[in-house]
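Some notes on the structure that comes next.
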Amino acid sequence: MTERVHDASKLDCQLEERSLSSSSLKGKVKDTMPSDFWEHLNEQLSAVPPDFSCALELLKEIKEILLSLLLPRQSRLKNEIEEALDMEFLQQQADRGDLNVSYLSKYILNMMVLLCAPIRDEAVQRLENISDPVRLLRGIFQVLGQMKMDMVNYTIQSLQPQLQEHSVQFERAQFQERLNKEPRLLNHTTKWLTQAATQLIAPSASSSDLQDCSSSAGPSPSDVAVPEPLSPAMVLSQGFLNLLTWDPENEEFPETLVADRPRLQELESQQSQLTILASVLLVASSFSDSGLFSSPQFVDKLKQITKSLVEDFNSRPEEVMQSVSEQVVEEVHQGLESMGLAALSSENTASLVGQLQNIAKKENCVRSVIDQRIHLFLKCCFVLGVQRSLLDLPGGLTLIEAELAELGQKFVSLTHHNQQVFAPYYTEILKTLISPAQTLATKGGSL
């Protein structure tokens, strides 16, 4: 139950259309034999005398969808639909052989004009030009499915605040029950936050090693030491970032984040791929005329090619980067030629290939700096928010701004919800890690 509530609080408000249950006509049509159903309907309506059994079933489903799109206050429209699509009366007409399917379709279209969101206006207007009754019903059914998902999305958006608040209270209560039974339940969480605080108090020497090659990625105003005094927000942000590089074999995963572990693994995978993508773009741009990478079309094409190739990077990095280097060099040559720019010399081409293939190595200088700067961006997102963080991107990341915005939003959504749920526990743990003087010296002292 806790996991279900936890998942519900993170529902994406833009759901894709899902098939209905197998007992639903729409589910049968979409899942089992969509073409056969419409062919059968056409045969029935073309028969002499016509058979309206499938048409009646379809009209019943359409009526239910129309009613589901109404708001509680729209009682007049509800009565009108109930009367116009009275299934008993329509059955009587069908039995007499005079059911007017075209007239009913036109009525349904007029009702859709009243009920659809502006984004569906054009789709509904296109239906008005269809004269074939079966094609029209099929189009109506498809657009009604989209309208129903519009209503679902609207409902979820309106309920999201209540869902999130309920989730916070429910998850915290459930965790407290477990903590009452297992007093040592927060041991791994405490160790996780302690490690984060230790890193901030005594930064590792690897950060200075990275400065030696930071010039490859361009200067970044954020490449500075962590400011003092230490704050709870700083420790938490560092802790959350550490989860993106968590050793899968380390079983001491924080108890407060167990439910989020699959999402964190997805974020880790996405962040790793962005590191490779940004590294490739940075290296390629350093060998090319500035005009080439000023072309959005060229950059987008290069990004799409690289994204598709690096999906298997973790399992075979050398092989993947060999393919990437070949494709990138080819695209750069073609791009320079199409824009009338100077071609790469054979020496520069060989150097470009070599530097791209070196990205496969974990210790690669450019890759290390890009990885560090993406982590820095995510830390800023946690503290300042995504939009403010995008205003001052570290060097080497501007070409993946859209991808970073998506990653940052997911990271902030996950970490902020977790922070809301477990803030009381984090506060108590952090009191033992941060001295009172440090806490009072910073406005960020509270969670």
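The values are calculated or read from the model by the stated rules, or taken from the named source; none is laboratory data. Quick caveat: nothing in here was measured; it's all calculated off a predicted structure. In this analysis, Cβ positions are derived from the backbone assuming ideal geometry, glycine residues included, and neighbour counts consider all displayed protein chains. These area figures cover heavy atoms from the full protein model, side chains too; ligands, DNA and RNA do not enter into them. Shrake-Rupley method; radii C 1.70, N 1.55, O 1.52, S 1.80 Å.
For the stretch 268-294, name all the residues that are buried (at least 17 other Cβ atoms within 10 Å of the Cβ) and either among the basic types (Lys, Arg) or within 24 Å of residue 189 (Cα to Cα) (or both).
Listed by number, the list holds a single entry, 271.
Say whether the condition of being modelled with pLDDT of 80 or more, part of a helix (DSSP H, G or I) and loosely packed, with under 15 Cβ neighbours inside 10 Å is met by at least one residue in the stretch 204-217.
No, the conditions are met nowhere in the stretch 204-217.
So which of 358, 348 is at pLDDT 95 or above and surrounded by fewer than 22 Cβ atoms within 10 Å (Cβ to Cβ)? Break it down into steps so the answer makes sense when it comes.
Values: 348 fails: at pLDDT 95 or above.
None of the others qualify; the one that does is 358.
A quick yes/no check of all residues on (1) touching a residue at least 40 places away in the same chain (Cβ under 8 Å); (2) outside any helix (DSSP H, G or I); (3) among the hydroxyl-bearing types (Ser, Thr, Tyr); (4) surrounded by fewer than 17 Cβ atoms within 10 Å (Cβ to Cβ):
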{"site": "314", "(1), (2), (3), (4)": "yes, yes, no, yes"}
{"site": "331", "(1), (2), (3), (4)": "no, no, no, no"}
{"site": "335", "(1), (2), (3), (4)": "yes, no, no, no"}
{"site": "340", "(1), (2), (3), (4)": "no, yes, no, yes"}
{"site": "363", "(1), (2), (3), (4)": "no, yes, no, yes"}
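Quick one: in the stretch 70-86, which of the residues that are touching a Lys or Arg at 6+ places or on another chain (Cβ under 7 Å) and outside any helix (DSSP H, G or I) is surrounded by the fewest Cβ atoms within 10 Å (Cβ to Cβ)?
As a first pass, look at the stretch 70-86 and keep what is touching a Lys or Arg at 6+ places or on another chain (Cβ under 7 Å): 70, 81, 85.
Next, only the ones that are outside any helix (DSSP H, G or I) stay: 70, 85.
On the way: 70: 16, 85: 20.
Among them, the one singled out is 70.
I want to confirm something. Restricting to the stretch 96-125 and keeping residues that are under 38 Å from the mean Cα position of the chain (by Cα) and not aliphatic (A, V, I, L, M), which single residue is surrounded by the fewest Cβ atoms within 10 Å (Cβ to Cβ)?
If we take residues in the stretch 96-125 being under 38 Å from the mean Cα position of the chain (by Cα) and not aliphatic (A, V, I, L, M), then 118 is surrounded by the fewest Cβ atoms within 10 Å (Cβ to Cβ).
Among the residues of the stretch 41-62, what is the count of those that are assigned to a helix (DSSP H, G or I), open to solvent by less than 30 Å² (accessible area, probe 1.4 Å) and touching a residue at least 24 places away in the same chain (Cβ under 8 Å)?
Residues flagged as assigned to a helix (DSSP H, G or I), open to solvent by less than 30 Å² (accessible area, probe 1.4 Å) and touching a residue at least 24 places away in the same chain (Cβ under 8 Å) within the stretch 41-62 amount to 7.
List every residue pair whose Cβ atoms lie under 8 Å apart, where the two residues are 6 or more positions apart in sequence or sit on different chains, the first residue falls within the stretch 295-312 and is part of a loop (DSSP other than H, G, I, E, B), and the second residue, located anywhere, is not polar (S, T, N, Q).
295/335; 295/339
Restricting to the stretch 133-153, and then to whatever is closer than 21 Å to residue 103 by Cα and of a type in the set (D, E, K, R), can you tell me which residue is surrounded by the most Cβ atoms within 10 Å (Cβ to Cβ)?
138
Determine which member of the set 130, 156, 65 is open to solvent by less than 40 Å² (accessible area, probe 1.4 Å), over 26 Å from residue 43 (Cβ atoms) and β-branched (Val, Ile, Thr).
From the options 130, 156, 65, the qualifying one is 156.
Does the stretch 381-396 hold any residues that are free of Cβ contacts under 8 Å to residues at least 60 places away in the same chain and in a helix (DSSP H, G or I), and which are they? Steps first, answer last, please.
We begin by selecting, within the stretch 381-396, every residue free of Cβ contacts under 8 Å to residues at least 60 places away in the same chain; these are 381, 384-391, 393.
Selection gives 381, 384, 386, 387, 388, 389, 390.
Please list, ordered by first then second residue, the pairs with beta carbon atoms under 8 Å, 6 or more apart or interchain, first in the stretch 75-93 and of a type in the set (Val, Ile, Thr), second surrounded by 13 or more Cβ atoms within 10 Å (Cβ to Cβ).
Listed pairs, sorted by first residue: 81/63; 81/66; 81/67; 81/70; 81/111.
Restricted to the stretch 231-267, and to residues that are under 22 Å from the mean Cα position of the chain (by Cα) and among the hydroxyl-bearing types (Ser, Thr, Tyr), which residue is least open to solvent (accessible area, probe 1.4 Å)?
For the stretch 231-267, the residue satisfying everything is 237.
For residues that are at pLDDT 75 or above, among the hydroxyl-bearing types (Ser, Thr, Tyr) and farther than 14 Å from residue 194 by Cα, tally how many sit in the stretch 222-246.
So the count comes out to 1.
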